[in-house]
Every structure is written in C-alpha cells, then in structure tokens.
Amino acid sequence: MPGFELFGDLEKKEVNDVLENGVLMRYGFDGMRNGHWKAKELEKALESTFQVNHAQLVSSGTAAISVALAAAGIGAGDEVILPTFTFVASFEAVMMLGAIPVLVDIDDTLTLCPKAVENAITSKTKAVMVVHMCGSMGHVDALKDVCDKHSLTLIEDACQAIGATYKSEPLGSIGDLGCFSFDFVKTITCGEGGAVITNNKEYYINSDHYSDHGHDHDGNDRGAETHPFLGYNFRISELHAAVGLAQIKRLPEILRIQKINYTILREALSHIPEVTFRTVPEGGEENYSFLNFFLPNLETSLKVSDAFKAQGVDACFQYYNNNWHYIRKWDHLKELKSLYPIPGEVKAGLEYLKTKEFSQSDHFIGRNISCLIKLSWTEEEVKARAFKMVEIIKNSL
Ligand SMILES: *Cc1c(COP(=O)(O)O)cnc(C)c1O
C-alpha cells in the first residue's frame, strides 16, 4: 500500500517548485507563484484519474469525511450508518458534526452487510458510509439500491482502496460523494492530505467553501470574498499537494507492482484447503494493497498471526484485538471519553453500543488475516515470504 516506498526525484521536483516561489498556500498570491498551483493541478489529476466532475483537496482523510457529510447537509442528530470494521476516523468525522454513528455488521466482503444496513435504518438515518477496507469493496450495487429506496446519501470511504474499481468505475466515484486519504501510509501520499470527489456540483461547491472558512472563492482578492455560509479550515498546503502531484503519476506503477506481489502470495495460499479469501463482489477489482484471507476459526487465526510475527512475516494484521480498526476495543467510544461535553442527542444515540453484540462481524474479523503488500519486495523475497506463510499456516492447522 504505501506510496512512500517509491519516493524520488519526481516528488523533490514538485516540492522544489513550491519552495522556489515561496507560496505555501493554495489560494491567492497569484503574482508570486510563477504559475505554480499544485493543489489545483492535483485536483484536476484526481478528477481525470477517478473519472468525476469535481475533486476538492483537504487536509486529511478524516477531514474529507466530515466535509463530505457537511456538504450533503448532514449534522446534528442525523444518523450515519457505518461498518464495525473501519478506522476510528469514520466515527470521529461523523461525531464532529454532531451526527450519530450507527455501527452495523460486516459480511465476508469485510465491509457493510447490506441486510444489516437495511435493518438499521430509522427515521433519523441520513447517510450510509461504506468503507472499502484493505483494498477491496462492499456490495456497491446492493448498498446503492438501499440508499435509493430510502432516499439516503451514499458516501464511499475509499481511503484504503485508491485505484480499485467496481464494474470499471473507480471506487469513490460511484456513491454521492467519495473520500480519500493521502496520509503517509496510504497508496499515494501527500504526507498528510485527503480529498472529496463527486459528480454533484452543489456538493462540490459546498466542499470548496466549507473547507476554507466558507470563502466563496470568487475573483482574485481573497480579502474581498464573502461567506455564503459558515465554514472551517480543512485546507491542504501547496507543499503537501506538490508531493501528491508526483505520487499520483506513480499510481499505475504502484497498482501494477501490488498486483504482481499479491498474486504470488495468493496463488501459494490457495493450495491450502482451509484457507479461503475475502469475497470481492462480481465486477470488482481490488487495488491489491492487501491480501485478506480467512482461517477456519479465531483460535487458528490468532495462532497463525502470532507465528507470522515470531517468524518475521511482518505487516500482517489480525484485527480481532486491534485498537484502531475494530469495534471490540473501542472503549473510548463506548464509554464516551471526551474532552468536552458531547451533545445529548449523540449520547443517547450511542447508548446501543453498551449492549449490542456484533457476532456476525466477530465471525469474519475473528478468522481474518490481512497482509499488507509492499512495493519494495523483490520477486525472490515475495516467493520466500509465500513459502514461509504456507509453512506456518499448515503447521498451525
Ligand atoms: C486512513 C483512513 C482514514 C483517515 O485518513 P487520515 O488522512 O489519516 O485522516 C479514514 N478512513 C480509512 C478507512 C482510513 O484508512
């Protein structure tokens, strides 16, 4: 997954363009910039890469989710349905707006179970957020149908699936709004950064203004701009955008290498009858940033995971006891440990977390292992790794 493995002259050149004219901000200072508009250029590149009409860069993937929700008018007391397996950013971004995260079970795609989504819909539900975890995707068509039927906004968190497609359409471009993260460990990185993509012009204009204090960005005198509505500061800097501009040029190469390495590992593991792979919906193509597989039960999965660690098979994750990505260990959320008072509606809306069981999610996350695919491995290294993984799994069964 990590684009930082391929840093080089391209990144240096783009960053130096910015350092040479000294304009580190993405807006204004037209005369000083020598024609360099890195954020604008990266937005154009995102629009063409992800085949959408509009892209808005922001300061992080978490910001992208908050901005996307705000752009669609989602806020205080509204319910947003999300999966139990995701990154903590998902519920953080929802709660920042005073909205209520409603966590529901995943299925063997490792993201939202459409049936669980449908069962969780109430009169307060405004949006469904599918989180395309670990390089692949949810049942996009089924989720779209549910959203259409109930007039809900579909938001795609494609932070971990940059470059994956569903029926040839890039993930992120299919729902009403899509979100990307370009933090340091993502498929392409800006250091820190994110983006909202959409084909909806109103949502784009809302994202553009909201992420810059509500500025209307009309004309070229920033001081004279008006504020049609309240906003916040989620701007990306020119330096970060410059890194991203170099990285997006590497995306086809990154995906190509990931696919090669992934395929070698998958092929080796597929000879073990007890190993099954995560379901990729028909018509879907992963970005190959992770290889996800299931073992017969939790015990074996934990045993294999420990043996991987002990024997140097690094970057493989067993999420059952993980603090960042799975609901079981989110005690800070369940107990609402907050520095500041949380709105009453949100508190009441999260009561369910104290008692609700997620046995269907436990069933899949308990058996899953997710291995990061690195770009820097040589063919010999991947083959040796595959051999070692197979040995460890066979010995653990
Ligand atoms: C990384 C990530 C985010 C948040 O991105 P940041 O840029 O780190 O704020 C959100 N969702 C998922 C699934 C992620 O992996």
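The values are calculated or read from the model by the stated rules, or taken from the named source; none is laboratory data. Note that the structure is predicted; figures quoted are calculated from it, not measured. Cβ placement follows ideal geometry from the backbone for every residue including glycine, while neighbour counts extend to all protein chains displayed. The protein model used for the area step is the full one, side chains on, heavy atoms only, and it has no ligands, DNA or RNA in it. Shrake-Rupley method; radii C 1.70, N 1.55, O 1.52, S 1.80 Å.
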Quick check on E253: is it under 25 Å from G163 (Cα atoms) and either exposed (fewer than 13 other Cβ atoms within 10 Å of the Cβ) or of a type in the set (D, E) (or both)? yes
What number of residues within segment 92-113 satisfy the criterion of being in contact with a strand residue (DSSP E or B) (Cβ under 8 Å, 6 or more places away or on another chain) and farther than 20 Å from V146 by Cβ? 1
Among the residues of segment 42-50, are any more than 16 Å from the ligand (Cβ to nearest atom), hydroxyl-bearing (S, T, Y) and part of a helix (DSSP H, G or I)? yes
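Matching residues to (1) within 16 Å of the ligand (Cβ to nearest atom); (2) in a helix (DSSP H, G or I); (3) among the hydrophobic types (A, V, I, L, M, F, W, C):
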position	(1), (2), (3)
N16	no, yes, no
N34	no, no, no
Q56	yes, no, no
T62	yes, yes, no
V67	yes, yes, yes
A76	no, no, yes
A93	yes, yes, yes
L97	yes, no, yes
Of all residues in segment 287-327, which are out of contact with any strand residue (DSSP E or B) (no Cβ under 9 Å at 6 or more places or on another chain), modelled with pLDDT of 95 or more and either of a type in the set (G, A, S) or closer than 24 Å to L82 by Cβ (or both)? L298, A307, A310, G312
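Residue by residue, here is whether (1) away from the ligand (no atom under 16 Å from the Cβ); (2) on the phi > 0 side of the Ramachandran plot holds:
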residue: S123; (1), (2): yes, no
residue: M129; (1), (2): no, no
residue: M137; (1), (2): no, no
residue: A142; (1), (2): yes, no
residue: C159; (1), (2): no, no
residue: G163; (1), (2): no, yes
residue: K167; (1), (2): yes, yes
residue: F180; (1), (2): no, no
Report the residue count in segment 189-239 for those that are open to solvent by less than 10 Å² (accessible area, probe 1.4 Å), assigned to a loop (DSSP other than H, G, I, E, B) and over 15 Å from G61 (Cα atoms). 1
Count - residues of segment 261-290 that are without any contact (Cβ under 8 Å) to a residue 60 or more places away in the chain and in a helix (DSSP H, G or I): 2
Could you tell me whether E20 is free of Cβ contacts under 8 Å to residues at least 40 places away in the same chain, within 16 Å of the ligand (Cβ to nearest atom) and among the charged types (D, E, K, R)? no
